Every structure is written in C-alpha cells, then in structure tokens.
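Visitor: Okay, handing you the structure first.
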Amino acid sequence: MEFLTNQVSQTQEILLHRIASRIRQSLELQEILSATVAEVRSFLGTDRIKIYQFQADGHGLVIAESIQEDRLPPLLGLNFPADDIPPYARELFVRARQRCIVDLTTQEIGISPLDCPETGKPLEQQDIRYRPVDPCHLEYLTAMGVKSSVVVPIVLKNQETGKDSSPNVMESSQLWGLLVSHHSQARVVTQQELLLIQSVVDQVAIAISQSILLTQVREQARQEAIINKVTEQLHSTPVAQLQTALEETVAAFNGSGGRLYLLPDDEQTAKLYTFGLQPNQLDIGQEQTPSPLTQELSLVDRAWVSPMERNNEVLLLANLREGSDVLRKGRPIEEHRLWQKYLFASICPPENLENPSHKSWSVNWMRAIYALTPPVNELSYDSNLWAIADLYKEPLLRSVAPCFQTTQVRGLLIVPLQHGSTIVGCLTIFRDEVDIETIWAGCVDTDSRQLMPRQSFAAWRELRTGQAQQWSESEIKLAQALGERFATAVKQHRLYEQVQALNANLEQQVRDRTLELQQTNTDLQHSTIELQRSVERQQALARIIANMRQSLDVTTIFRTTTQEVCQLLECDRLSVYRFNADWGGEFVGDYETANPRWGRSIKLGVGMVWDDTYLQETQGGRYRNNETFVVDDIHSQGFTQCHIEILEQFHVQAFMIAPIFVGQELWGLLGAYQHSSTRHWQASEIEFFTQIATQLGVALQQAEYLEQVRAQTRKLALVAEQQQTLASVITKIRESLDLNAIFETTTQELRRVLNCDRVVIFRFYSESNYDGGEVIAEDVAERFLSTLTAKVYDRCLGQEHIEKFCQGYVHAVTDIYNSELNECYVSMLSRFQVRANLVIPMLKQGQLWGLLGIHQCQKSREWQDSEIEFVRQIAAQLGVALQHVVLLNQTQQQAIQLAQALEHLQQTQAHLLHSEKMSSLGLLVAGVAHEINNPVNFISGNLSHLHEYTQSLIKMLNIYQQIYPQPHPEIEKQAILSDLEFIAEDLPKLFSSLKIGAERIGEIVLSLRNFSRLDQAQVKPVDIHEGLDSTLLILQHRLKANSLHLGIEIVKQYASLPLIECFAGQLNQVFMNLLANAIDAVEEPCRQPAKSDKDKHYPRITIKTQLIANDWVQIYIKDNGVGMTKAVQAKLFDPFFTTKPVGQGTGLGLSISYQIVEKHGGKLQCLSQPGEGAQFVIEIPIKQSERELANVLIDKKESDTDNS
C-alpha cells in the first residue's frame, strides 16, 4: 500500500512538473490551459475537465475543455449566465478559496476551504466536510449528465494582475474563473486528488498572471508604437501633418471616424480636420445671426459662463459673421455651448476662490443637476478626457445626439487639447455600434433572473444588435498621451502658420516696394553715383572707426584718417589745426595729407603757427558751437580783402572746416582745402566730413583715457610691487631669523623697487648713546662707492634729530644742495656721493636701533608719499625682525638648557634603572654562586673518602665470600635481592658521575662569578673569550630547542687575543644585552609558518673576535634574524627606544651598552638590512689611557653615588 502511495505521489509530481514546464515554455495562455486540462483529465480519469472564466458582466465562458470521447457533451466556447453561480458562492470562492465536491449518488456536497473566511489566513487543517446538496444544484448537474463534480476556484491577487493591493481580502483578490471536473459515473474524490487539483490551479494562476502581464506589456508596446508613429507625423516636417496623424489615431482606436477641431485665436480662425463618418453640422440652413451667449444658454448653464469662454464666443461670432455661407452650412458640433463648456472646464479650477458659492462647471455636476440628485462633492480637480460609451444614454448630449442619427456612431471619446494653460482645440474619436452574438449553454433569457434550472445545455445563439462598446482604461490612457502630442503639434502648427502669414505679408510688402522702386528707377539712376560715393564714405567711415578702435596711437590714427579722407573726398589737402591755451594754434605737420602736386609747392601744415585774432577773441568762434564752416568759393563768400589775400597766398579756392571736440572742450579744427579750383561741397560730403571730425575727437578722448589708465596702471603696478616686496620681506622674516640674510634681501628688493642708487642699513653702536655707528648692510649700483662697514660719527644733526628719530621722524631730502641742511651734514653726504636722501628710523622695542637710508646719487629726486610710506612699512617690519631675533636667542638658549637637562635626566634615569637591575642581578648571581659553592665543595671533598670507604667494604665482602662460600640462606637470599655483583660493578661508575657533576657545578659557579665580577671592581686585564662563554652559559636555556626551533646554532670564531683592560662586569653586561637581542631577532622568523622545508628558518648566531691595529680588539655578534631599517638604526641607541611589544623591553639595554663601550674609549655600531639580519661591532682598546680610565672611574663613582 505504501508503495502504491509513493507511486501515486511520484505520478502527481511528474504531472505538476509537466504543467510547470509547459507554463515556462509557452507564453500563450490558451495553449497552456488546453494542455493543462488534458493532463489533469488523463491523470484523474474523469470524463470532463474544463476551465470556466468569468467575464466583465459576471457571466462565464468555457475557454478550455478536455472530454473522454463522447461520454459527456462538449461545452467549449459556451457561455453560462451569471445566475448559475450566486453571489454568496462567488464570495466564498474568493474569501475562503472554497473547493466543492458533489456526489449525486449520495446527494452530498463536500466543502473544503483553504483560508479562514473571516481573516483570510490559510487554515492549518484542510479537511472535507459534507452536507446535503441543494435540490436545484442536483437538477442542474443531472441535466448536464454529471454524477460527480469537483469545483476549484482560480483566484488571483491584485499584484498578480497589475492592480494595487488592498488590505481587504475581497478587494485584494479577484475571482478569475473555475477549474471544474465532471464525471458521468459516481466517483469518490480523495484528499490527495483534491490537493493535486489545487496545485494545478496554483500553477494555472501563475500562468494566467504571466499572461495578463504579457498582455499589458504588449498593449503598452503597441500604444508606444502608435504614439511614436503619430508623433513622427506631427513633428517630422515643419508643417504638422495633422490630417495624416488624425487618420492614424482613428485607426489606432478602431474608430469609424474622428475630428480635430482647432479653436480660433486672435490671429487665426477656427479649423476643422475630419476623417471617416461625421455627424451633421449644427444650425444647418439657418441664416439668422447666432444668438448671443446669454440667450443660447439655459438658466442652469448661465451660472458657469467664464471670461475665457466669453472671449472665445466673441471670436466664434466674429468668424460666423464673415458670411452667410457659414450659417447655411451650419456650425461644427465643437461650437456647441455644452462642448465649449467641457473644453474650458478642463482649465478652470474646481472652486472659485473669489466667490466660494459659485461652482465651476463639470460633467458630474451637470449630470447631478439633470438627474435631480445631490451634487457630487468634487474635492479634487479632474482634467481627464470625456469617454462616452453610448451618446444616447448621456443626458448632457441630448441636444447633440440628433446630429449623429444618420450615422452608426454610438461612442465618443473627447480629448481636450491643452497647451500650458491654454485650450487650443479638441480631438474626438467616433466608434460605431456593433452586433454582439453570444452562444449560451441552453436557452437563456438575459433580461430576467433564472428561477428554475435549465433542462438542456445545448448551444443557443443570441444576437444583440446596435450595442455600444465600452472605452477601456488603456484606450483612455492612450488618448491622453496622444492628446498631449496633438496639443503641442497644434501650438507649433499655429506658430508656423503665423510665421508663414508674416512671411507672406513681408513678401507682399516687398513686391509692393519693388513696384514703387520700379516707378522711381529713373530718379535712382540719376543719383546712383552719389549713392555709391555715399556708400564708400560710410564704409570708409566704418573702416576708419574700426582702425581707431584697433589702434589708440593718435599720430597713426590722424595720419591714416587724413590720407583716406583726402582720397575719398578727392580734395587737394587735408590738415589738422590744434588750439593752444590762448586760442591761437598751429597746423600739426604729422597729421596733414596733401596731393603730391600741392604738397611740394605749398607748405601750409608743416608746424606752421597761425594765430587768428578772430578765433582768439571769440575763443573758437562759430566752431565753439560745433558748427561746420563750408565755403564753395572764397571770392563769393563775402570775406574781407585781407582774409582773401591770406587764402590766396596758400592757393585756397574752397574749403570746409569742422570742429574737433574732445568731450566738451574744443581741441582743434579739421580742414579740407581745394587749391585747383572752386568746389561745391555736397551735403553727403559735409555730413561725412563732420562725422570724421567727431570720430577724431572720440579717438583723442580715448587716447587721453588710455593714457590716464596707463598712468593709473603704472601707479597700481608700483604699489603692487611695493606690497609684493613688503610681503617678501615679511615672508623672509618669518622663514628665517638670520638678520644678515634679511638685511641683504631687504636692501636688494628696496633698491630694485624704488630704482634708487643705494640702500643702506645703519646701526648705532649703543642704544643709549647715539654718537656713532656703522653701515652693516648695503645694496649699491656698480658705478657708486660702497659704504659697507663705513663708520660714521654724525655730529651735524645733533640730539634734536635723534629725539625726532626716536619718535618715528622721517628725514626726506630732495636735493642736498638746494635744501636748508647744515653744511657739515651736506659735506658728509657728498663724501658718499649722495644727492637725494631718505632716512627712516628703525626701532627695536621702542628704542632707536638704527636707520634705513635710501640714496639717489646721480641726480636729485622728489620722494613720493607712497614711496615714503612703503619704506616706513619696510623699516617697521625690520624692527619686528629685530625683536624676533632677540626673542629667538632667548628661546634657543632656554631650549638648549632644557635639552641638556632632559638628556642628562634621561641618562641618569637609564643608569639608575640599569645599574639597579645589574646590581640586583650581580648580587643574585654572586649569592647563588656562593650558596651553591659551599655544598659543592662539601660534596667534592667527601666524594674521595666515600669512594675509599665503599672500596674497602667491597673488598671486605669479597674476602668474606671467599672464606664462607656457603652463607646462611637468609644472607644468600638477601644477596640475591640486593644484586651485590651489580652494585660492585656499578658503584665505581656512580662515583665517576658524581665527580663529573660536582666539577660541572663548580664550572657553573665559576662562570657566574666571572659574569658578576663582584670581586673585580677595578680595571683589570681579563679574557674576553671567558666573558663571552660565561654569558652564553647563562643564556644556555634560551639556546636549546623549543616549540619555535630545534636549537640556536652558535658559531664561535675566536682569534688569539691578549688580556683586555676593562671593567669585566660592565663589559659582560654589553655581551648579555647584545646576545639576548640576537636570540630575540633569530626567533622572530621562526614564528612565521614555513611553506616548505626549503623556506624553513634555521637560527644562527656568529661570534667573532679579532685583533686590529695591534692595540684594538674587535668583537662581532651577528645574527640571521629579520634585520632592521635605517629609521630604526637611527634611534637604536636612544634611551627608552624599543621595537618590542609593551612589557617585553625597556629600551635601555642598547643605550647602556653604547655608553659602557664609549666610556671604555671604544665604539659600538650596528650594520643591518631588512631581511638580512643584524651585526653589532664592538671596538675597544686593549689598554685604557689614563684620561679614559679617570672618566670611567668618575662615572662609576657618580653611578655608585646615585645608587646609594
């Protein structure tokens, strides 16, 4: 039985696996459902498996079915009315996911819910509870030929269908359909089969969810393709293809027609694009003037008239009044008042903030008014389009519906086209009525409730004509997106039309102007030459102005301008006259241009002074009023004879003079002269000439401005350079307090910036007595004498000037020979080649320290205020530097004293620690050696006697055995137990071992005494090798094998050395420190795990001694440890420096060792590289000199004193 159960379970798993695989392999829902019902029916062995889908209106449709041959009639494609499954059953299907099992033989129905109906949570036990089945249900199944039935609901969560979920079970779930199993014979449905069917339903729900999402994605892709295509038609060309886009939009909605209505604006009339079926126009055949706005509206409508609508009504009426043909043809339905209300309501706020009692127009509000129901409380503004499924059932369209009676249009989709805050029109899609054919399972009256069960389920066809089609949510979203594209395109189209209209208007104006020009062609031909000249002059004027702007050199500007103007005017000479202070003046030769012929014969403008009394008396005469004086003929102008004679002297026949103003000041005159003959100056020539004079004045003004700017720039540059120098001096003072360097830099920078001949710093010998001093810093030009180190005793200025200098007095002399200086002082300055002098006091902490002198030797010099202030600042900074030096010297002296005290304190502390440590160690070692030595001597002394006594006893025992070969049994037994023969044989060996051990203990005691050397407090000749071996003996326990290594190899390379004069105990301390550090160093690599035997570290320490220079001994202690860096080596012998972890080293060993070797007159150094080990080298003399010996003894006494 268990085997059969396992086999059934495996079969069910295979079935579920096949269904899941089919779902993954195919994205077509119908294919998945057909395969699923076939698999389930084959497994269960029932006569029919069908999938029943609920439609939008509640009725059901069999969309997938599998039947066993012809045992039951097929139901695929048949519809079942909604009454077949009552609402309470549907609710249980959703809330509890209730499964139903009906057995007509027992007339029982089994109920098996998956979830708790109250909470919606899954039940722990999913058993089947039976109760009597309803008689109506029995008749229903009997008529269908079914004896056994299983119904399992297919419930989808909202998140599976792409909808938002809700905390309510009913709202968060959707009853999609049913999976039904029918059998024509009685059949018992097991719990296991029910679980299988439920698992299949779960898989089917997944497939349905995937199909719904796939359908949504495909629909979204289709809509995006439509939007892109329409957008391309609207924006691919400068002129929007509105008609083509309309046709494409109507086709996208499967509509029968459509309209694109563009509202009129201030510049354009209304425009209408149509496609497909169209309704009749409004007011066809009426010729009367359209009624005013207030007459057309009903009493209800008048409450919602807005100013925007009134403006639009005015535009519509204006368009309608243009001709009676418009009225005969009628008006578009978009101009209906209701339509207009809806369009403009989409941009009006829902509430009128100025008048709260005034409600804005809306479709819902109007529906409530027509239905005489309470108005809807619209809390938010909804600008969605107006989707009308059946226009004949929409009460608001009752006055528009007659226009559609000649068509089959039933549905409308009205999309307001809003661009920003402006309505530009509307897009309307028409949809025809359709005939709907439904195949029912049995004869069904859909207009009444089914009171009795049907007796037959044969296919029955129902045809309903003239049915309206609902607008889907996706279609509404698509319409909104297309509406936005159309609104933008319409706005751009209107702008393009406006531009085209403007262009057409301009073209018409150009044509009109061309006609006018053709009419006056004769007049223009007469003035063509003059016009060309005028153009050339204007071009020349522009070119001259451009040249003036490119170059601000006045001479170049005037020369270039006079040459070009003279050539353009074709005059004989062009001159520039400049006024002077008394209103006389001269002709500026560099600014004149003349015809070569007249330039050689007449010298009018070569620096000629011409003082015109008229101009002098009137201060410029008529030219002061900016008048241009034009003379065509000097003889007909009415000049005096004297004036004419002067002009004839220079062959002037005609001339033209224009004033040149620089700002508001008359600077000079620009004159054009004709020598060859008289000349009539044209108005264009006069205007051009006047413009040239004006531009020359502008050029002069710009040149003056430029010179002012340059002067200001030079001044600013000088100030900037002075500030930079001041900053440099301050920086130098902060970076270095070396007065010589500061003074040297300051004098060099001052002489460079001030461009003077000499800069000196003079220091008084005494800060209380200012009788004399000397120059301590100087920077002087090469061609002048140096005053450096010159001693000066100034007895000329006296105490009065000294007191002024102490108060910050600045002594500035422009020229020593033209000033009221004392002759003595002038003589002293002349000795140093000084012509101009600037002296600034230098104060240090309020006392006059010296003087900062600036000398001009070659010539006199007017010292500027900015220069004096600059030098004063430099002197103040030098005074700060002097104060800094004093403070620095004091600080450095204190720092040196503190450093020396700190170093002495550190050395004393290190000596105290190490001396105390070594003293304790020495006492301990000496005490241990003494305590061990006494018992060892006792043992060694008694071993010989003990050996003698035992030999006597053994000899006595042998004699006894020889005399009494047959002892008493007890004696013989004890002899056997004691093994006398072994004792006699082993006892000599035992005495030998005891003797060797005693000697070994004696050697250890001797090594401890040698290491401590408490018996050798004075300098004595010692064997260095003996001290090294004693140290190794003490460290023997660290050299043996442990968990890190197999033992440290000691390589001794001892040379033949004489006895060395030293403190043996101190030198042994050095050996102890170096060897202990070497052991630590070689053990460090052993702590790292080796990858192979080749990489395994074998610790080794090499000790080498040798004689160098006949009176020095060199000792090497080398290890193959980790080595050390240069940075560590630099601090290696510093007190308290250690690389070991906290608690494992004090940092005093190497520092003390270095001091011990140094006190012996030797050297201790370290040679190491990272990864190559370390080598410590000790070099000490064989004999100590008297001075070194004295130093060692003094240090030892101080150490002993500190220890006491």
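Taken together, the values in this text are just the output of simple stated rules run on the coordinates, not laboratory data. Keep in mind that what you see is a predicted model, and the values were worked out from it rather than measured. Every residue, glycine among them, receives a Cβ derived from its backbone with ideal geometry; neighbour counts consider all protein chains shown.
Visitor: Report the full-extension gain for the segment SER993 to SER26: residue separation times 0.36 nm, less the Cα-Cα distance, to one decimal in nm.
Guide: 338.3 nm
Visitor: Between rounded, prolate and oblate, where does region 1019-1203 land on the alpha carbon gyration tensor, with a ≥ b ≥ c its root eigenvalues, rounded for a/c under 1.5, else prolate if a/b exceeds b/c?
Guide: Details: a/c = 2.03, a/b = 1.59, b/c = 1.27.
The shape class here is prolate.
Visitor: Also, I was wondering about something else. Is the shape of region 2-220 best called rounded, prolate or oblate, per the rule: a/c under 1.5 gives rounded, else a/b larger than b/c gives prolate, else oblate, with a ≥ b ≥ c the square roots of the Cα gyration tensor eigenvalues?
Guide: Rounded, because the longest to shortest axis ratio a/c is under 1.5.
Visitor: How big is the gap, in Å, between the Cα center of region 800-822 and the Cα center of region 174-212?
Guide: 120 Å
Visitor: Now for a different question. Would you list SER993, SER399 from fewest to most Cβ contacts within 10 Å?
Guide: Result, fewest neighbours first: SER993, SER399.
Visitor: Now, a different point. Need one number: nm distance between label points at GLU437 and ILE476, each 7 Å from Cα along Cα→Cβ, rounded to one decimal.
Guide: Placing both labels 7 Å beyond Cα along the Cβ direction yields 3.2 nm.
Visitor: Let me ask something else. For GLN847 and PHE1136, what is the calculated FRET efficiency with R₀ set at 51 Å and r taken between the beta-carbons, to the nearest 0.05?
Guide: 0.65
Visitor: Taking amide hydrogens as modeled 1.01 Å from N in the peptide plane, which residues meet the under 5 Å criterion relative to VAL133, leaving out close sequence neighbours?
Guide: Placed amide hydrogens put GLU108, ILE109 under 5 Å from VAL133.
Visitor: Continuing with the same structure: Would you calculate the separation in nanometres between label points at ALA1109 and LEU92, each defined as 7 Å from the Cα along the Cα-to-beta-carbon direction?
Guide: 11.7 nm
Visitor: Follow-up. Too long at a 25 Å Cα-Cα cut-off: which of LYS804/LYS844; LYS1118/LYS1140; LYS1020/LYS1159; LYS393/LYS491; LYS1040/LYS1094; LYS1020/LYS1140?
Guide: Pairs exceeding 25 Å: LYS393/LYS491; LYS1020/LYS1140.
Visitor: Work out how far the C-alpha atoms of region 736-863 reach from end to end along every principal axis, then list the three figures in whole Å, largest first.
Guide: 35, 34, 23
Visitor: On to the next question. GLN191 to ASP83: FRET efficiency via 1/(1 + (r/R0)^6), r the Cβ-Cβ distance, R0 45 Å, to the nearest 0.05?
Guide: Here the calculated transfer efficiency is 0.90.
Visitor: For ASN79, which sequence-distant residues (separation of 5 or more, or a different chain) have an amide H within less than 5 Å of its own amide H, given hydrogens modelled in the peptide plane?
Guide: Residues meeting the amide H criterion: ILE439, TRP440, ALA441.
Visitor: Explain nothing, just compute: Karplus ³J(HN,Hα) = 6.51 cos²θ - 1.76 cosθ + 1.60, θ = phi - 60°, for every residue of region 1111-1116 in order, whole Hz, x for Gly and Pro.
Guide: Result, ordered by residue: 10, 10, 10, 10, 10, 9 Hz.
Visitor: Quick one: length gained pulling ASP266 to SER677 fully straight, 0.36 nm per residue minus the C-alpha distance?
Guide: 141.4 nm
Visitor: Between beta-carbons, use under 11 Å as the cut-off and find the net charge around GLU433, counting Lys and Arg +1, Asp and Glu -1.
Guide: Within the 11 Å Cβ shell, the charges total 0.
Visitor: Between LEU888 and GLN691, with labels modelled 7 Å along Cα→Cβ, what's the label distance in nm to one decimal, could you check?
Guide: Inter-label distance under the simple model: 7.0 nm.
Visitor: Let me ask another. Could you tell me how far the Cα centroid of region 43-115 sits from the Cα centroid of region 1041-1076, in Å?
Guide: Result: 103 Å between the Cα centres.
Visitor: Please compute the length gained on full extension between ASN755 and ASN580, using 0.36 nm multiplied by the number of residues separating them and subtracting their Cα-Cα distance.
Guide: 59.4 nm
Visitor: Could you compute the FRET efficiency for ALA781 and ARG559, with r as their C-beta to C-beta distance and R0 at 30 Å, rounded to 0.05?
Guide: FRET efficiency, ALA781 to ARG559: 0.15.
Visitor: Right, here's the next one. Where Lys and Arg each count +1 and Asp and Glu each count -1, what net charge lies around ALA489 among other residues with Cβ under 15 Å from its Cβ?
Guide: It works out to a net charge of 0.
Visitor: Lys and Arg at +1, Asp and Glu at -1: add these up for the other residues within a Cβ distance under 13 Å of ASP632 and post the number.
Guide: Every neighbour counted, the sum reads -1.
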